[in-house]
Amino acid sequence: MKDPMKMLRQVQQMQDRMAKVQKELESATVEATAGGGAVTVLATGAQKLVSIRIDAEAAADTEMLQDLVVAAVNEAMEKSKEMAAEKMQSVASGLGLPPGLV
């Protein structure tokens with residue numbers, strides 16, 4: 001049987017690393033564009049929107065603009081989730097857990 005205190009220390013270390021990664025994700029950003037740069041979205045690794053930039057020419061067509069904003073936001077959220085998954089996987093890799101578990 002493994003030493004319970006050693007296991008407890010390992011769990012605490014993992015919690016500390018995960019908290020550090022979560023803090024890093026709050027300040028890390030990803031950028032996504034749609035419409036050839038007509039709409040640019042900036043989001044954090046914690047899946048929070050930071051900004052949306054819209055080219056003045058894109059504002060002329062409201063329906064197209066709405067589609068471009070949705071597309072850019074969805075892409076930014078996907079990139080953000082991928083970045084978070086990669087960072088969390090790096091925490092799990094030190095524990096010998098199978099990929100995708102964390």
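The values are calculated or read from the model by the stated rules, or taken from the named source; none is laboratory data. Since the structure is predicted, the reported quantities are computational estimates derived from the model, not experimental observations. With ideal geometry, Cβ positions are generated from the backbone for all residues, glycine too; neighbour counts draw on all protein chains shown.
Laid out as a table, the results:
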read-out: Inter-residue pairs, beta-carbon under 9 Å, first under 23 Å from Ala38 (Cα atoms) and in the range 62-90, second among the acidic types (Asp, Glu), 6+ apart; value: Ala76/Glu31; Lys79/Glu31
read-out: Considering residues of the range 3-33 that are in contact with a Ser or Thr (Cβ under 8 Å, 6 or more places away or on another chain) and not in a helix (DSSP H, G or I) only, the residue nearest to Ser93 (Cα to Cα); value: Ala28
read-out: Count of the range 54-94 residues which are modelled with pLDDT of 95 or more and among the β-branched types (Val, Ile, Thr); value: 4
read-out: Candidate set: the range 34-60, residues that are assigned to a helix (DSSP H, G or I) and in contact (Cβ under 8 Å) with a residue 12 or more places away in the chain; chosen: the one farthest from Ala92 (Cα to Cα); value: Glu57
read-out: Within the range 37-78, considering residues that are buried (at least 18 other Cβ atoms within 10 Å of the Cβ) and either over 30 Å from Gln22 (Cβ atoms) or of a type in the set (Lys, Arg) (or both), the one farthest from the chain's Cα centre (by Cα); value: Ala58
read-out: Considering residues of the range 21-36 that are surrounded by 14 or more Cβ atoms within 10 Å (Cβ to Cβ) and small (Gly, Ala, Ser) only, the residue farthest from Ala85 (Cα to Cα); value: Gly35
